[in-house]
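Below is one structure; the comments refer to it alone.
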Amino acid sequence: MIPFSPPRIDDRTIEAVSEVLKSGWITTGPKTKLFEKEISAYCGVKTTVAVNSWTMGMQVLLHWWGIGEGDEVILPAYTYCASANVIIHAGAKPVLVDINSEDFNLNTEAVRKAITPNTKAILAVDIGGFPCDYDKLKSLINEPEIKNQFSASNSLQEQLGRILLLSDAAHSFGALMNDQKAAALADVSTYSFHAVKNLTTAEGGALCFNMPEGFDHDEIYRQMCVKILHGQNKDALAKTQKGNWRYDVEEPGFKCNMTDIQAAIGLVELDRYQENLDRRKTIFNLYDVVFSTEEWAITPLHTSNSKSSSYHLYQIRIKDVSEDQRDAIIKEIFEQDVSVNVHFQPIPMLTAYKKRGYDIADYPEAYGKYAQMISLPVYFDLSDEQVETVIAAVKSAVVKVLG
Ligand SMILES: *Cc1c(COP(=O)(O)O)cnc(C)c1O
């Protein structure tokens, strides 16, 4: 069976983890601090805070920004449930918008229509690793009329004076836009290092801050470290210093720090990330060469004048099929021992959100893409031969179902 997305674990990863286990320091410590610095350098952002998942990191971030009851956060209908769940947990309202026709990302004009005086943030999701239109989103939130209707409810929001632009970059570590890392284009870009993501720490995540001039990023880093550790003003490592036992709790905080065991995996992953990206790109090209000649296939957009993907998901679409036919094709592909996936069932199709009144009929572009989409395996250890097997399986499954 060709798996969908196994992690790349080899002797180097195992040695790095053993080293931490033997060191006597396994929770947040020197490895995590180094990992944060290296992420900032790689992404070209001002400061990075490592956390135990994207989800918890985002929850803390929304808390930091002061999002709560009565606030609205705009995000695409086409994303993983985590993007919307965190907004509900903050007590705010997820305002879903439809996506573009040419890619799977949120549509800027739909965002414009969704903005109200209650809009506190936009959460753009780089689906499949292809960056959103950050230029357009940035100019949108800076338009005088839109800035004027922004109503700040705390001093941070006052200082920014506009809607906060967040990037759900769970898929797009290393993606480029305008010759820089896409992470540097939003106010805060948020990564997931879950096992299936391009760069993994088993579970984990990072918040990369790139707030405008005037924001003190050392202070942001300090505040975030307090928030992710119960509100304590000293972490475990600081408390081990001689006589340094006393600490205070500044606020009732969260608990979602990254451990050095995770960071050790991440440091290895980051060190060899370019070869990972290169291999993914090669696999995308192998798929493209074949599928772009097939009448029934729509290949995913992964490069444009200003952008290039992190090649996270190869989301192929089968022209003119119904959702049921797509499901039948997937079943046939699995019959041939090839694992594929669907990214994603749009948020309004999930029970928790249907109950809240969201209706997929309001998001035709998201539904259309979802119904015809299949994600194919892409990962460093996938061989050329396995790619051929995947291609053959997809082709024969399509022929079998569509005749
Ligand atoms: C994986 C994923 C998340 C959640 O990441 P965790 O680290 O598992 O919390 C959020 N958004 C998107 C788009 C994802 O794919």
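Sort out the exposed loop GluC sites (Glu not before Pro) in the chain (DSSP loop, at most 13 other Cβ within 10 Å) and tell me the longest stretch that has none.
Details: sites that count: 69, 102, 213, 250, 295.
Value returned for the longest uninterrupted segment is 103-212.
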**Prompt:** residue 34: accessible area at probe 1.4 Å, nearest 10 Å²?
**Reply:** 80 Å²
**Request:** Report, in degrees rounded to the nearest 10, the 0 to 90 angle that the Cα long axis of helix 323-335 makes with the longest principal axis of the chain.
**Result:** 90 degrees
**Request:** Taking 7 Å along the Cα-to-C-beta vector as the label spot, tell me the residue 159-residue 102 distance in nanometres, rounded to one decimal.
**Result:** 3.7 nm
**Prompt:** On a 0 to 90 degree scale, rounded to 10, what angle separates helix 54-65 from the longest Cα axis of the chain?
**Reply:** 50 degrees
**Request:** Just reorder 48, 303 by solvent-accessible area, largest first, 1.4 Å probe, all chains present.
**Result:** 303, 48
**Prompt:** With every protein chain kept in the model, how would you rank 334, 380, 150, 209 by accessible area, 1.4 Å probe, largest at the top?
**Reply:** 334, 380, 150, 209
**Request:** Count charges around residue 385 for me, please; just the other residues with Cβ under 15 Å from its Cβ, Lys/Arg as +1, Asp/Glu as -1.
**Result:** -3
**Request:** Please name whichever of 303, 265, 285 sits farthest to the positive end of the charge dipole of the range 239-340, dipole taken about the Cα centre and charges placed at Cβ: Lys and Arg +1, Asp and Glu -1.
**Result:** 265
**Prompt:** Roughly how many Å² is the accessible area per residue of the range 273-402, as a whole number, for a 1.4 Å probe?
**Reply:** 46 Å²
**Request:** Can you send over the solvent-accessible area of residue 93, 1.4 Å probe, protein chains only, in Å² to the nearest 10?
**Result:** 110 Å²
**Asked** With each run of n ≥ 4 DSSP H residues scored as -39500 (n - 2.57), what mean residue ellipticity at 222 nm is computed for the chain after dividing by its residue count and rounding to the nearest 500 deg cm²/dmol?
**Response** -12000 deg cm²/dmol
**Request:** Quantify, in whole percent, the carbon and sulfur part of the accessible surface of the range 273-402 (1.4 Å probe; protein heavy atoms only).
**Result:** 47 percent
**Prompt:** Cross-link partners among lysines for residue 319, C-alpha distance below 17 Å, same-chain residues fewer than 8 apart left out?
**Reply:** 369, 395, 400
**Complete:** For the chain, the longest principal axis of the Cα atoms and the Cα long axis of helix 217-227 enclose an angle in degrees, to the nearest 10, of 90 degrees
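Arrange the residues 187, 288, 248 by how much accessible surface each exposes, largest first, with a 1.4 angstrom probe. Intermediate values should be presented prior to the final figure.
Working: 187 0, 288 30, 248 90 Å².
Of 187, 288, 248, the descending order of accessible area is 248, 288, 187.
Suppose R0 equals 56 Å. What FRET efficiency, 1/(1 + (r/R0)^6) with r the Cβ-Cβ distance, do residue 26 and residue 143 give to the nearest 0.05? Please report the intermediate quantities before stating the final value.
Details: r = 49 Å, r/R0 = 0.87.
That gives a FRET efficiency of 0.70.
With a cap of 14 neighbouring Cβ atoms within 10 Å, and only residues DSSP puts in a loop, list the trypsin sites (Lys or Arg not before Pro) found in the range 337-376. Before the final figure, lay out the partial values.
On the way: sites: 354, 355, 356, 369; in loops: 355, 356.
Within the range 337-376, the qualifying trypsin sites (Lys or Arg not before Pro) (loop, at most 14 other Cβ atoms within 10 Å) are 355, 356.
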**Asked** Which whole-number percentage describes the relative contact order of the chain, with Cα contacts under 8 Å and a sequence gap of 6 or more?
**Response** 22 percent
**Message:** Please enumerate, by chain and number, the lysines with C-alpha under 21 Å from the C-alpha of residue 355, excluding those fewer than 8 residues away in the same chain.
**Reply:** 93
**Prompt:** In debye to the nearest 20, how big a dipole does the chain give about its Cα centre with +1 on each Lys and Arg Cβ and -1 on each Asp and Glu Cβ?
**Reply:** 920 debye
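Can you tell me how the chain classifies by the Cα gyration tensor, rounded, prolate or oblate, using a/c under 1.5 as the rounded cut?
Note, shape of the chain comes out oblate.
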**Item:** Modelled label reach - residue 81, point 7 Å along Cα→Cβ, the range 94-130 residues with backbone N closer than 19 Å
**Value:** 94-97
**Request:** Give the carbon-plus-sulfur fraction of the accessible surface of the range 1-112 in %, rounded to a whole number; probe 1.4 Å, heavy atoms of protein chains only.
**Result:** 56 percent
**Request:** Round to a whole angstrom and tell me the spacing of the C-alpha centers of the range 237-275 and the range 44-94.
**Result:** 21 Å
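The values are calculated or read from the model by the stated rules, or taken from the named source; none is laboratory data. Treat the numbers as computed from the prediction; the structure is a model and nothing was measured. A quick note on method: Cβ atoms are made from the backbone with ideal geometry, for glycine too, and the neighbour counts reach across all protein chains shown. Side chains are part of the model used for accessible areas, which takes the heavy atoms of the whole protein and leaves out ligands, DNA and RNA. Shrake-Rupley method; radii C 1.70, N 1.55, O 1.52, S 1.80 Å.
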